[in-house]
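Student: Pasting in a structure now, in structure tokens, and then I'll have a few things to ask.
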Amino acid sequence: MKNTTLRQLRLFEAVASHLSYSRAAEHMGLTQPAVSMQLRQLEADLGLQLLVKIGKRIRLSQAGEEMLSQTRRILNQVHIAEEAVAAFRVTEGGGGLLHLGVVSTAHYFAPTLLMAFARQWPGVKFKLTVERREKILSLLQEHQIDVSIAGYPPSDADVEAETFAQNPHCIVAAAEHPLAKQRGIPWDALRDEPFIFREPGSTTRKFFEYLLQARALQVRVSMELSGNESIKQAVMAGMGISFLSAHTFQIELEAGRLAVLDLQDMPKMLDWCLLHRRESTLSGAAGAFRAFVLAHGPDLVQCRVHS
């Protein structure tokens, strides 16, 4: 690889990620022939076929899979070096790029964190990716993002998790729901209520099913919807009640469109964690963002849990 350049590695990573020369060219701001030529030169220098064409589609060869893994490690180390140097330029308007990945529920407060951080690091540019937890963990481990915000990761995930705030979960209903004005509602009162559940596999749904199992309580599932926004609309329309993170309904609560039911022993808490790769030492903007979130996150992420 003595003749391989960072430009070639970045182009290869783009093509391997998109499995498309045209999309990689668009992403890198180049023409498709220029990308194809650089990749052919890289393969010639290595003496290996990295990409295999099957009809109109391409896939990675076994050598290509290994090359992609090593390329991402190399580019991540380059990024760390750039961030470390950028830390010295912050007072001069520099600061580098911070790529933050968050799960869907965290995107309700992520801009607040980023804007508060930007006031201390005005030169930093941001990229925000919102995905499901499994995808966020994959992007983090593949060096596609710098740090992420999610719930506590599975034990087999090769990431470091640092708790910085709580994520309260509540039962919500339309503002005019008969239970909305009651206090100290027992869980048994929910037995015959139509429930709107998140899609299977959702962390919120798993958490609620665990709570129901702990109380040996069965509820009536009227529908399943994907995503917090769809559920909120259905709840406000009176189609049922639901179990949601309080971060998702702050605007509707303030506007009087949703009510938090005063259920006994509620709200229930999960943790918000800042995640980063175990083998990486955070520096520059990523390291500063970690320190900022751990110090100021608890105050910036607070939300209302009462109507």
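The values are calculated or read from the model by the stated rules, or taken from the named source; none is laboratory data. Quick caveat: nothing in here was measured; it's all calculated off a predicted structure. Reconstructed Cβ throughout: ideal geometry from the backbone, glycine too, with neighbour counts over all protein chains shown.
Student: Name, by its number, the condition in (1) in contact with a strand residue (DSSP E or B) (Cβ under 6 Å, 6 or more places away or on another chain); (2) without any contact (Cβ under 8 Å) to a residue 12 or more places away in the chain that does not hold for Ile58.
Tutor: (2)
Student: Can you list residue pairs whose Cβ atoms sit under 7 Å apart, with the first residue in the stretch 209-222 being in the same structural domain as Phe195 (by TED's automatic domain parsing) and the second being small (Gly, Ala, Ser)? Count only pairs 6 or more apart in sequence or on different chains.
Tutor: Short answer, once both residue conditions are applied: Ser222/Gly240.
Student: Could you tell me which residue of the stretch 260-291 is farthest from the chain's Cα centre (by Cα), considering only residues that are among the aliphatic types (A, V, I, L, M) and not in a strand (DSSP E or B)? If you could, list the steps in order and put the result at the bottom.
Tutor: Start the filter on the stretch 260-291 by keeping residues that are among the aliphatic types (A, V, I, L, M), which leaves 260-261, 263, 266, 269-270, 274-275, 282, 285-286, 288, 291.
Right, trim to not in a strand (DSSP E or B) and you get 261, 266, 282, 285-286, 288, 291.
Numbers: Leu261: 28, Met266: 26, Leu282: 18, Ala285: 18, Ala286: 15, Ala288: 19, Ala291: 19 Å.
Here the answer is Leu261.
Student: Continuing with this model, one more query. For the stretch 231-243, which residues satisfy the criterion of being buried (at least 24 other Cβ atoms within 10 Å of the Cβ) and over 18 Å from Arg215 (Cβ atoms)?
Tutor: Once the filter is applied, which keeps residues that are buried (at least 24 other Cβ atoms within 10 Å of the Cβ) and over 18 Å from Arg215 (Cβ atoms), the stretch 231-243 yields Ile231, Val235.
Student: Where in the stretch 26-124 are the helices (runs of 4 or more DSSP H), entirely inside, with at least 3 residues that are within 30 Å of Gln250 (Cα to Cα) and modelled with pLDDT of 90 or more? Even if it seems obvious, please write down each step before you answer.
Tutor: Values: elements: 32-46, 62-86, 110-120.
Where helices (runs of 4 or more DSSP H) fall fully within the stretch 26-124 and carry at least 3 residues being within 30 Å of Gln250 (Cα to Cα) and modelled with pLDDT of 90 or more, they are 110-120.
Student: Which ones in the stretch 107-124 are surrounded by 15 or more Cβ atoms within 10 Å (Cβ to Cβ) and of a type outside the set (A, V, I, L, M, F, W, C)? Walk me through it before giving the result.
Tutor: Of the residues in the stretch 107-124, the ones surrounded by 15 or more Cβ atoms within 10 Å (Cβ to Cβ) are 107-110, 113-114, 116-118, 121, 123-124.
Hits for the stretch 107-124 are His107, Tyr108, Gly123.
Student: When the stretch 199-221 is examined, which residues are found to be closer than 22 Å to His306 by Cα and of a type outside the set (Val, Ile, Thr)?
Tutor: Passing the criteria: Arg205, Phe207, Phe208, Leu211, Leu212.
Student: Answer with yes or no whether Arg278 is touching a His at 6+ places or on another chain (Cβ under 9 Å) and of a type in the set (Lys, Arg).
Tutor: Numbers: touching a His at 6+ places or on another chain (Cβ under 9 Å): no; of a type in the set (Lys, Arg): yes.
Against the criterion (touching a His at 6+ places or on another chain (Cβ under 9 Å) and of a type in the set (Lys, Arg)), Arg278 does not qualify.
Student: Give the residue, chosen from Ile136, Ile149, that is touching a Ser or Thr at 6+ places or on another chain (Cβ under 6 Å) and not in a loop (DSSP other than H, G, I, E, B).
Tutor: Being touching a Ser or Thr at 6+ places or on another chain (Cβ under 6 Å) and not in a loop (DSSP other than H, G, I, E, B) holds for just one of Ile136, Ile149, which is Ile136.
Student: To continue, here is another question. Given the criterion surrounded by fewer than 18 Cβ atoms within 10 Å (Cβ to Cβ) and at pLDDT below 95, identify the matching residue among Glu142, Glu176, Glu131.
Tutor: Answer to the check: Glu142.
Student: Pairs only if they're at least six apart or on different chains, beta carbon under 8 angstrom, first in the stretch 161-181 and within 23 Å of Leu294 (Cβ to Cβ), second basic (Lys, Arg); list them, first residue then second.
Tutor: Filtered contacts from the stretch 161-181: Glu162/Arg290; Pro168/Lys268; His169/Lys268.
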